[in-house]
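Here's the structure we're looking at; comments come further down.
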Amino acid sequence: MLSIIQAAGWPIWPLILCSILALAFAIERFVQLQSRRVLGAQLVDEAIGVSRESVPPPDMVRQLELHSALGEVLAAGWRAINANPRCSPEEMRAAMEAAGRQVAHRLERYLPALATIASAAPLLGLLGTVIGMIEIFGSQAPAGSLSGGNPAQLAHGISVALYNTAFGLIVAIPALILWRYFRARVDGYVLELELAAERFARHLEPLCPGRAADTGAGR
């Protein structure tokens, strides 16, 4: 492997850096996008059962928030009702939507970087190919005949061109596959978060103090 890196020349080092970053991003996303970290098991049912009569105290709200990403969204609804004595259903939903946007942004962490690596790696490989071709032409004699050139320089230029092209594709293809996989996984999580948050918001609406006041005013 070391001999290949040496033969490929300096243009391969940016590709090696990209491969290391892509691997680090992939491992981090595999860990953070586990279902138990995002959704949790039966969390909505448990939260609804706890708050059938009233909203739990702040310590239980904090416990729910730390449970998972979904717990953070659900806890935002509880916190909005506890913090505002006249909280309306619209304000409660707005708080949950804001928490949901923050969670969605966090789920997408490093995905743009992974997509950038998938797009840039072939270009970096192409750059190495161009540099190798420049070395090939630079190794030729002024007369321009291949036989009059430097054979060692010619072989080195060819190796630089081929190794960088291949390595660029080796980095780009897995990065692209991983980005599409994580992108689809995040989209699925976001949809499940939205459905769970909507269900929980409908449950909390009767507990909003502002709803009772609005109903009394309407009468």
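Summed over the stretch 86-114, the residues that are closer than 18 Å to residue 188 by Cβ and in contact (Cβ under 8 Å) with a residue 12 or more places away in the chain give a count of 10. Across the stretch 51-85, the number of residues qualifying as free of Cβ contacts under 8 Å to residues at least 40 places away in the same chain and within 12 Å of residue 197 (Cα to Cα) comes to 4. Within the stretch 66-110, the set of residues being surrounded by fewer than 19 Cβ atoms within 10 Å (Cβ to Cβ) and part of a helix (DSSP H, G or I) comprises 82, 83, 90, 91, 94, 97, 98, 101, 102, 104, 105, 106.
When we screen 195, 178 for residues that are modelled with pLDDT of 90 or more, farther than 30 Å from residue 15 by Cα and in a helix (DSSP H, G or I), the only hit is 195. Has the stretch 145-152 got at least one residue that is in contact with an Asp or Glu (Cβ under 6 Å, 6 or more places away or on another chain), among the small types (Gly, Ala, Ser) and at pLDDT below 85? No: the stretch 145-152 contains no residue that is in contact with an Asp or Glu (Cβ under 6 Å, 6 or more places away or on another chain), among the small types (Gly, Ala, Ser) and at pLDDT below 85. A search for C-beta distances below 7 Å between a residue of the stretch 149-166 that is under 11 Å from residue 135 (Cβ atoms) and any residue that is outside any helix (DSSP H, G or I) and modelled with pLDDT of 75 or more, counting only pairs 6+ apart in sequence or on different chains, returns 160/11.
The values are calculated or read from the model by the stated rules, or taken from the named source; none is laboratory data. Keep in mind the model is a prediction, meaning the values are calculated, not measured. Positions of Cβ are generated from backbone atoms using ideal geometry, with glycine treated the same way; all protein chains shown enter the neighbour counts.
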